[in-house]
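One structure is given here, and the rest of the page talks about it.
The values are calculated or read from the model by the stated rules, or taken from the named source; none is laboratory data. Source: prediction; values computed, not measured. Quick reminder, even Gly has a Cβ in these numbers, built from the backbone with ideal geometry, and neighbours come from all protein chains shown.
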RNA sequence: GGGAGCAUAGCUCAGUUGGUUAGAGCACCUGCCUUACAAGCAGGGGGUCAUAAGUUCGAGUCUUAUUGUUCCCACCA
């Protein structure tokens, strides 16, 4: 029996605990069913869990539930990404300190404490939204096991010569003072100024004009470039010019990378202002001049500007240029600049010894592998392709940070040889341990440990390997790889998806997963990004769950279609709440009539009952088709509209027959019972994907005694009891239309829907079918008599309103 | 500059391979206590499907162009 009202606050928690206690979602390794495995994104532990997480994770979770009930053994682990820069930034903010002001050990301890706290919160939140991951498979990337896997990955690449240590230009964040990778850049439109400067020719009073946005780099100027095709400037090539303020001379060279249309068509090359400078630096073997230090201050070579921050130096230099009549004019411009995604600081380029993973040399391979993976929706693949085609640099994986996975590497102090750890000793921290052997090159025993840590993506890019026990169980790894599905939002295609493909290829020459499912973003009204700063959306997940319930939040995450951003709109929660309520009430009602009923397969079905079963078959087919395309929202639309049709039309047509077997006979009742039993049961299973709590509550109090399974969520979808019959569907829909017309008549005449009618005249091309439903139509319309007329179109006339005399 | 998505009712969105009169919910209006549900039910108004041309017997759906919008990538001299 179902209680009169459903209290989600009490019940949701109850069932969440029940699922955990009974291991309802636990992966069974020995099960023979085909495996469906999900490489769940380990959320970055950076303190903020937002509604976007809930949205994206729920969409993947629906797939897990769907696959469980359609014959798969679902492997659904969960992890947390809790090492590296994001964690450091969180801790620095929370503790209000800078990592370098305390010891490395002390800082790591703080980091561990902080991630522990947040991981508990994250896990609780995901459980409280009904996530059905197998929590016994949980991992976190800073754990010794993951560190070991990450270091193994590094050593494997090292052996395969896919990683190298080089003094190459790398992107640098002066605020986070670490190297970063191309994928960590974001572009931001910023206002700047083109400064037109006078560069005097050697031994001459003539000057050339050069436009620059970065005059603070004058001290790092190596040479000037013009385009070799630039006829006006041919005579300049080979001459020298004097660098303003610094008064040293640099040569004028030519290179076809110079854009004759931009600025003045003449470029100064500094080490380094941008990517082009690094190319020229290599090509022309230019002198390295470092104007900016690791923290963003001007260096010695800046002369009097030494010690100033970049922007302060720029302002000062412009003043001085003006004073010395070296500044011709200034044009304000707006341009896109690359900034570090985590802090918004403008990117610099620094030359330092860093570790790189080779990505540039296999672009064709990356594209080929991308083609072998099914992208859902397909158009999202273009983001991957764009990214691969435009890669500029190998993947820099060294980070000059403290909290993360260390490189298993030392350097020989005597000869500089790189010494890597033995695989059997992993995980190692080179700061606290030493190689077991002498330097293989010179026999030395003095080692310098590698102090840097690995890019956090270097670890999170092996989540398929971590999940499938790479190097722990070959058997499991071989059985599970490639995984079936990688779900993530579109912002991390270029990082998580790309890097994971790279690593899987290098390690095992395979694709990491067969399918990628890309979800959209949650936007505030007017399509703005949700931002705490703007306060443009009230989207705290915990608050939303306590206001609306987890089921309603989940319902909302299923609206919309895959890959598309959706606008956060609380109206959708109201609809979800209405659905949950209706589902409960409809179940209560149906159960009144099937509580002591066991379906008989030879039940003789009346037309309307056959009709609803056929409509169900139609809906189920669409539902499954959408799920095969990972369109969880469109699948739900189908289910939802079937459900409302079931309530508003079907139940209304059969309820009198169910209530009164003494009038209509047991056979008529049993026919409706059969359809009700089956439809409700299957709908509960299907709604269970989206609304696992309310459906479990209903199942536990109804079908469980007959079915026996511990949980609704262990059940399989059944094949339809009646085959989809298009003609039957149309005919039944017409019956609904007739009933609806009668209701319309009553509403128009402002009379109650239960008011009796003397006579209705039905005109239709399908009189034969409608006649077969006569008693149901009479009951649903309270008509005493029905007269039929053959006609082209369906229409209904009503005669004789019978007034009730109380 | 290159690429992708989107544009359907006041709002948020559906609309499968082209096929009667373009749908839903919210909002708005009207009515109804009906042996599941008033947190409910029944009904109503409201759309030149961004614009233009084309293919077709037939276009919201396919093609091309245009406009608007969002995103990705490149451009940082």
Residue check for residue A:169: touching a helix residue (DSSP H, G or I) at 6+ places or on another chain (Cβ under 8 Å), within 12 Å of RNA strand B (Cβ to nearest atom) and within 28 Å of residue A:305 (Cβ to Cβ): no
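Just checking, which of A:651, A:694 is crowded, with 23+ Cβ neighbours inside 10 Å and not in a loop (DSSP other than H, G, I, E, B)?
A:694
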What pairs come up if the first residue lies in the range A:358-376 and is within 13 Å of residue A:394 (Cα to Cα), the second is assigned to a loop (DSSP other than H, G, I, E, B) and modelled with pLDDT under 95, and their beta carbons are under 7 Å apart, counting only those six or more places apart or on different chains? A:359/A:391; A:360/A:391; A:363/A:391
Which condition breaks for residue A:298 when tested against (1) over 24 Å from residue A:343 (Cβ atoms); (2) modelled with pLDDT of 95 or more; (3) touching a strand residue (DSSP E or B) at 6+ places or on another chain (Cβ under 7 Å)? (1)
Could you check residue A:375 against (1) over 20 Å from residue A:354 (Cβ atoms); (2) outside any helix (DSSP H, G or I); (3) more than 25 Å from the chain's Cα centre (by Cα) and say which number it fails? (3)
Read through the list (1) closer than 14 Å to residue A:197 by Cβ; (2) within 15 Å of RNA strand B (Cβ to nearest atom), then give the number of the only condition that residue A:319 fails. (2)
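Conditions (1) under 26 Å from the mean Cα position of the chain (by Cα); (2) under 30 Å from residue A:491 (Cβ atoms); (3) surrounded by fewer than 22 Cβ atoms within 10 Å (Cβ to Cβ), marked per residue:
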residue: A:4; (1), (2), (3): no, no, yes
residue: A:28; (1), (2), (3): no, no, yes
residue: A:35; (1), (2), (3): yes, yes, yes
residue: A:50; (1), (2), (3): yes, yes, yes
residue: A:63; (1), (2), (3): yes, yes, no
residue: A:66; (1), (2), (3): yes, yes, no
residue: A:92; (1), (2), (3): no, yes, yes
residue: A:103; (1), (2), (3): no, no, yes
Which number in (1) assigned to a loop (DSSP other than H, G, I, E, B); (2) in contact (Cβ under 8 Å) with a residue 24 or more places away in the chain marks the one condition that residue A:429 misses? (2)
When you scan the range A:691-740, how many residues do you find that are touching a strand residue (DSSP E or B) at 6+ places or on another chain (Cβ under 7 Å) and more than 16 Å from RNA strand B (Cβ to nearest atom)? 0
Selection from the range A:282-298 of residues farther than 16 Å from residue A:215 by Cβ, under 43 Å from the mean Cα position of the chain (by Cα) and assigned to a loop (DSSP other than H, G, I, E, B) yields A:288, A:290, A:293, A:294, A:295, A:296
Scanning the range A:333-370 residue by residue, the ones that are within 16 Å of RNA strand B (Cβ to nearest atom), farther than 30 Å from residue A:194 by Cα and not in a helix (DSSP H, G or I) total 1
Take residue A:763 and decide whether it is farther than 23 Å from residue A:600 by Cα and touching a helix residue (DSSP H, G or I) at 6+ places or on another chain (Cβ under 9 Å). no
Restricting attention to the range A:180-203, does a residue exist that is in contact (Cβ under 8 Å) with a residue 60 or more places away in the chain, part of a strand (DSSP E or B), over 30 Å from residue A:241 (Cβ atoms) and away from RNA strand B (no atom under 11 Å from the Cβ)? yes
Does residue A:83 satisfy the condition of being at pLDDT 95 or above, outside any helix (DSSP H, G or I) and touching a helix residue (DSSP H, G or I) at 6+ places or on another chain (Cβ under 6 Å)? no
Within the bounds of the range A:749-764, is there any residue that is surrounded by fewer than 15 Cβ atoms within 10 Å (Cβ to Cβ), part of a helix (DSSP H, G or I) and at pLDDT below 95? no
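A quick yes/no check of all residues on (1) touching a residue at least 24 places away in the same chain (Cβ under 8 Å); (2) closer than 21 Å to residue A:609 by Cα:
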residue	(1), (2)
A:744	no, no
A:747	no, no
A:760	yes, no
A:765	yes, no
A:768	no, yes
A:784	yes, no
A:787	yes, no
A:791	yes, no
Which residue pairs have Cβ atoms closer than 6 Å, lie 6 or more positions apart in sequence or on different chains, and pair a first residue in the range A:637-648 that is in contact (Cβ under 8 Å) with a residue 12 or more places away in the chain with a second residue that is within 8 Å of RNA strand B (Cβ to nearest atom) and in a helix (DSSP H, G or I)? A:638/A:622; A:647/A:586
Can you tell me which residue is nearest to RNA strand B (Cβ to nearest atom) among those in the range A:371-388 that are more than 16 Å from residue A:461 (Cβ to Cβ) and in contact with a helix residue (DSSP H, G or I) (Cβ under 7 Å, 6 or more places away or on another chain)? A:383
Filter the range A:389-405 down to the residues that are more than 16 Å from RNA strand B (Cβ to nearest atom) and out of contact with any strand residue (DSSP E or B) (no Cβ under 6 Å at 6 or more places or on another chain) and list them by number. A:402, A:403
For residue A:123, only one of the following conditions fails: (1) buried (at least 16 other Cβ atoms within 10 Å of the Cβ); (2) within 24 Å of the chain's Cα centre (by Cα); (3) within 16 Å of RNA strand B (Cβ to nearest atom). What is its number? (3)
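Of all the helices (runs of 4 or more DSSP H) wholly in the range A:438-529, which have at least 3 residues that are away from RNA strand B (no atom under 16 Å from the Cβ) and under 18 Å from residue A:387 (Cα atoms)?
Hits in the range A:438-529: A:498-508.
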Given the condition assigned to a loop (DSSP other than H, G, I, E, B) and over 32 Å from the mean Cα position of the chain (by Cα), answer yes or no: does some residue in the range A:308-324 qualify? yes
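Given the residues A:589, A:677, A:687, A:627, which is the only one that is assigned to a helix (DSSP H, G or I), modelled with pLDDT of 90 or more and away from RNA strand B (no atom under 15 Å from the Cβ)? Outline the logic, then answer.
Details: A:589 fails: away from RNA strand B (no atom under 15 Å from the Cβ); A:687 fails: away from RNA strand B (no atom under 15 Å from the Cβ); A:627 fails: away from RNA strand B (no atom under 15 Å from the Cβ).
Result of the check over A:589, A:677, A:687, A:627: A:677.
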If you go through the range A:259-267 one residue at a time, do you hit one that is more than 9 Å from RNA strand B (Cβ to nearest atom) and surrounded by 16 or more Cβ atoms within 10 Å (Cβ to Cβ)? no
Identify, by number, the condition in (1) more than 13 Å from RNA strand B (Cβ to nearest atom); (2) surrounded by 19 or more Cβ atoms within 10 Å (Cβ to Cβ); (3) within 26 Å of residue A:347 (Cα to Cα) that residue A:242 doesn't meet. (3)
Can you spot a residue in the range A:296-305 that is surrounded by fewer than 16 Cβ atoms within 10 Å (Cβ to Cβ), in contact (Cβ under 8 Å) with a residue 24 or more places away in the chain and within 11 Å of RNA strand B (Cβ to nearest atom)? no
Of the criteria (1) within 16 Å of RNA strand B (Cβ to nearest atom); (2) at pLDDT below 90; (3) over 16 Å from residue A:606 (Cα atoms); (4) exposed (fewer than 15 other Cβ atoms within 10 Å of the Cβ), which one residue A:784 fails: (2)
